[in-house]
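The values are calculated or read from the model by the stated rules, or taken from the named source; none is laboratory data. Not measured: the values here are computed from a predicted model. As a convention, Cβ positions derive from the backbone with ideal geometry for all residues, glycine included, and neighbour counts pool all protein chains shown.
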């Protein structure tokens with residue numbers, strides 16, 4: 001039986017149902033990183049994934065890391081031997097997945113960080129993570145899958161080369177942000193979250209100051 005981490009929708013999205021990327025900010029009406037982290041820490045819990053997948057009043061929190069090396073973004077293609085069939089052959093700029101019970105070993109203050117580090121280590125090989133910066137949330141309630149998930153968008157700067165561990169499940173290459181936008185405009189088959197995020201890349205990639213999870 002698989003358990004995933006969820007937060008009640010009304011506690012993590014208290015006043016609106018956003019679509020696409022909502023950047024963290026300090027102004028009224030925006031979502032603050034501190035408020036998001038507090039909702040995760042104080043109101044999140046683990047429940048059976050089979051139930052959570054059909055419970056839109058809950059949001060499964062998904063760390064979704066945009067991996068950057070040398071100014072380029074890691075572009076992934078999920079192969080037919082990969083996990084979820086609905087994602088086969090789709091392109092993605094996000095590395096991440098569900099938060100698992102093992103990520104809670106260090107307590108709620110370290111939960112997001114632990115899940116992010118685990119997912120990166122499972123999927124990629126690299127020398128050093130220079131910084132991880134949380135930039136906003138990614139939401140898509142237009143379909144049943146999106147309605148039960150909420151992405152925490154992070155920019156992960158890697159020092160040196162980066163490669164794919166499970167080459168039977170993933171392909172990867174470093175691509176410039178402009179190339180990503182061109183591929184999307186030409187109709188490349190990006191997964192939904194990545195298709196929403198690619199047009200927003202220039203809004204947060206130029207920022208280089210590191211803020212830990």
For segment 105-130 the number of residues that are crowded, with 17+ Cβ neighbours inside 10 Å and more than 24 Å from residue 170 (Cα to Cα) is 1
Verdict on residue 133 being crowded, with 17+ Cβ neighbours inside 10 Å and in contact with a strand residue (DSSP E or B) (Cβ under 8 Å, 6 or more places away or on another chain) = yes
For residue 161, the lone unmet condition from (1) buried (at least 18 other Cβ atoms within 10 Å of the Cβ); (2) out of contact with any strand residue (DSSP E or B) (no Cβ under 6 Å at 6 or more places or on another chain); (3) in contact (Cβ under 8 Å) with a residue 40 or more places away in the chain is (1)
Output the residues belonging to segment 84-108 that are within 15 Å of residue 60 (Cβ to Cβ) and at pLDDT 90 or above.
-> 94, 96, 97, 98, 99, 100, 101, 103, 104
Which residue out of 168, 141 is surrounded by fewer than 20 Cβ atoms within 10 Å (Cβ to Cβ) and in contact with a helix residue (DSSP H, G or I) (Cβ under 7 Å, 6 or more places away or on another chain)?
-> 141
Does residue 153 satisfy the condition of being under 18 Å from the mean Cα position of the chain (by Cα) and at pLDDT 95 or above?
-> yes
